[in-house]
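Accompanying notes for the structure given below.
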Amino acid sequence: MRAPDSPVADVQPVGVTDQTDGSAASVDAQPAARVARILWASQAAALRSSLSARAIHDIEQAVTCDLDSLELPEVYFTSVEVGGRVVTCDLDANGTASIFGLIDANDYDELVEAAGDDALLGVDWDGVYVTPARTRH
């Protein structure tokens, strides 16, 4: 997540439970996933090639520390601010962290502000998106 004094909007991580057996398993009953490897999705991988080895290391270290500190069995989507960028990522139950996008912190602020307080954040084939929440009736 972000440092408390950061002007960047805070995105809450989303934890999930495995319900393949039909029972509603508690998040607390499942072991926390730990980052075992990091994959850079296509949008982030395209940007990765322009980064220094130090910047890549810093990003991967910050993502690992943040995801591990959540102590959840799985994280569908969260963001970490590092080096003036907001890194969007997730963590699966097998310990694979995926980095989806690197967004300039100022650009991220503008996206979140334009989308409003109930913004929906996600990832699709085009990369990370932020949209206003819509209610179905």
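Can we say A114 is modelled with pLDDT under 90, in contact with an Asp or Glu (Cβ under 8 Å, 6 or more places away or on another chain) and among the hydrophobic types (A, V, I, L, M, F, W, C)? Full working, then the answer.
On the way: modelled with pLDDT under 90: yes; in contact with an Asp or Glu (Cβ under 8 Å, 6 or more places away or on another chain): no; among the hydrophobic types (A, V, I, L, M, F, W, C): yes.
Considered against the rule, which asks whether it is modelled with pLDDT under 90, in contact with an Asp or Glu (Cβ under 8 Å, 6 or more places away or on another chain) and among the hydrophobic types (A, V, I, L, M, F, W, C), A114 comes out as no.
Within region 18-35, the residues that satisfy the criterion of being surrounded by 12 or more Cβ atoms within 10 Å (Cβ to Cβ) and at pLDDT 90 or above are A32, A33, R34, V35.
Test V80 against the criterion of being more than 16 Å from S42 (Cβ to Cβ), assigned to a strand (DSSP E or B) and not hydroxyl-bearing (S, T, Y), and give yes or no. When the stated conditions are applied, V80 passes them. The conditions of being aromatic (F, W, Y) and modelled with pLDDT of 95 or more are met by W40.
The values are calculated or read from the model by the stated rules, or taken from the named source; none is laboratory data. All of these numbers come straight from a predicted model, not from anything done at the bench. Virtual Cβ from ideal backbone geometry, glycine too; neighbours counted across all protein chains shown.
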